[in-house]
1. Distances longer than 17 Å among the Cα atoms of the stretch 187-267: what percent of all pairs is that?
2. Normalised by the residues of the stretch 130-267, what does the relative contact order come to in percent, with Cα pairs under 8 Å and at least six apart?
3. For the stretch 147-206, what is the relative contact order in percent, using Cα pairs closer than 8 Å and at least 6 residues apart in sequence?
4. Measure nothing fancy, just the Cα-based angle from helix 98-110's long axis to the longest principal axis of the chain, in degrees from 0 to 90, nearest 10.
5. Ranking request for peptides 163-173, 195-205: highest mean number of other beta-carbon atoms within 10 Å first, then the rest in descending order.
6. Quick one: order 208, 229 by neighbouring beta-carbon count within 10 Å, fewest to most.
7. Which percent of Cα-Cα pairs in the stretch 54-155 sits in each 10 Å bin, short to long?
8. Could you tell me how many cubic angstrom of Cα convex hull volume the chain has per residue?
């Protein structure tokens with residue numbers, strides 16, 4: 001082997017080592033940002049949906065259309081929960097989780113129902129029927145925004161290539177209603193699409209936004225008037241970092257009322 005070949009190979013290895021070190025350094029250096037809720041109450045809009053359900057795509061498209069509204073997410077936080085009870089009917093929804101099906105069933109139990117339906121919309125924990133002609137979501141959102149927030153949320157997140165570490169801090173007036181309220185942190189992703197190959201939507205290209213990728217276990221507020229809670233979410237390599245967003249909301253489990261919500265845009 002000639003000396004020049006040896007030198008070139010050594011240089012190539014050095015360049016590769018430098019590149020790996022740079023990538024490792026970027027992963028180690030997390031990007032931090034903080035978001036804080038404001039003086040108005042933010043509405044929470046939940047969609048329970050499935051790629052295996054033929055009546056769900058119109059609801060998915062409508063939820064995606066909200067992304068361009070100026071009051072999203074400052075006044076309205078949309079979240080799409082993909083349920084898993086359609087998965088044995090021909091198509092496994094890649095975004096579905098049993099946890100989200102259980103969450104929807106809990107809502108049904110609150111209202112005394114023994115069944116669930118898809119698609120289903122909940123606005124601040126209550127059933128919401130989307131009008132076919134005159135849309136009222138902006139007016140309904142504005143009405144909720146005029147209500148005084150029952151809590152203040154501060155969400156700090158540190159992002160790396162492999163995880164999001166977050167701290168959610170909540171200040172509130174402790175009373176009979178707030179002490180049992182639960183704090184959730186959700187990670188959702190936009191700009192998703194699936195070419196469905198089986199089931200009721202076979203052959204369709206379905207597009208989604210506000211898809212919940214992870215929902216942390218809830219933490220009760222208690223009666224101290226202030227709590228601080230740390231969470232860590234491992235990132236799947238298939239998730240797109242530029243389209244991932246973190247949100248937090250506080251919900252009363254008995255009534256479903258949302259005391260406050262916060263969508264944090266940090267990339």
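1. Roughly 61 percent, once rounded to a whole number.
2. 29
3. With pairs under 8 Å counted, the relative contact order is 21 percent.
4. That helix lies at roughly 10 degrees to the long axis.
5. 163-173, 195-205
6. In order of increasing Cβ crowding within 10 Å: 229, 208.
7. Histogramming the stretch 54-155 at 10 Å steps yields 12, 40, 36, 11, 1 percent.
8. 163
Laboratory data are not the source of any read-out in this text; all were calculated from the coordinates shown. Note that the structure is a prediction, hence the values are computed from the model and not measured. Note that we place each Cβ from the backbone using ideal geometry, even for glycine, and neighbour counts take in every protein chain shown.
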